[in-house]
Amino acid sequence: GGGVEGREDIDPLGSVSRSKLHFFWVADCSGSMKAQGKIQALNNAIHECIPSTREANRSNPFADMLVRAIRFSSGAQWHISTPTPVEEFLWRDLDASGMTDMGAAIRLLRNELTPEKMGRRALPPVIVLLSDGSPTDAWEGALEDFNNTGWGRPGRTVRVAVAIGRDADKEVLAKFTGNPETVFEADSAQRLADLIKWASVT
C-alpha cells in the first residue's frame, strides 16, 4: 500500500471514529464431533448467540463488531474469511469429519492477529473456541507461540471456550483461554450469550 495504512480511521467529518472489534469463532468440526450430536450442538450454540452479538454491537457506541470464523479438522481453514459486520453475519452449519488440528487453527489465527492487519487502534479481539478438546496435532507449541507474540500476549485478547459434549476435555480448553472460568458448557446458551455480550463491550 502506498502509505495509506492507518488512514481508514480518519473521519472526514471530524467526528469520533469508531474502533473495530474483531470477533472470531473457532469451530472444531473433527470426526469426534460426530458423536452425541456434538456438531449440532456447536452449530446451535453459534446460531443462538448471533442475536446477542448483534445486540451487544448495537449497545456499544464505540466499536463496530466484525465477525469471521475458522473451522478445523484435518488442518484449519477460514469458514467465513471476510470480516463481516455482525448485522450481516450468517452462520453456515458445519459437518464433522477428520482429525482435530487445533494447532493449525491457532496458527491461522496468529497470522491474522498482527498490528499490520488489525490496525494499531483495534480493540482486544474476542476469540470463541468451540470444541470437545481432544486435539490431535502439536497444538501446545502453536499456543505457546501465539501467547508470546503481539496480539496473542495475555490480556490482549478476550478468549472464551465452549465445551461441546459431556466428555469434553476442559483442561485443554482452559489452556487455550488461560482461565478455567472462561470455559462454558454449550447447553447454557443463555450464559454463553451473556458472556459474549460481556466480552464484546468490556
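Within the range 22-51, the set of residues being more than 15 Å from Ser73 (Cβ to Cβ), open to solvent by less than 10 Å² (accessible area, probe 1.4 Å) and assigned to a helix (DSSP H, G or I) comprises Ala45, Ile46, Cys49. The sole residue among Asp145, Asp132 that is touching a strand residue (DSSP E or B) at 6+ places or on another chain (Cβ under 8 Å), more than 24 Å from Leu66 (Cα to Cα) and among the charged types (D, E, K, R) is Asp132. Here Ile80 does not qualify as modelled with pLDDT of 95 or more, touching a helix residue (DSSP H, G or I) at 6+ places or on another chain (Cβ under 6 Å), closer than 20 Å to Arg159 by Cα and open to solvent by less than 30 Å² (accessible area, probe 1.4 Å).
When Arg71, Arg92 are checked against the criterion of being charged (D, E, K, R), surrounded by 20 or more Cβ atoms within 10 Å (Cβ to Cβ), within 16 Å of the chain's Cα centre (by Cα) and at pLDDT 90 or above, Arg71 stands alone in meeting it.
The values are calculated or read from the model by the stated rules, or taken from the named source; none is laboratory data. All values reported here derive from a predicted model rather than from experimental measurement. Glycine gets a Cβ as well: all are built from the backbone with ideal geometry, and neighbour counts include every protein chain shown. Please note that ligands, DNA and RNA were not included when accessible areas were found on the heavy atoms of the full protein model with its side chains. Shrake-Rupley method; radii C 1.70, N 1.55, O 1.52, S 1.80 Å.
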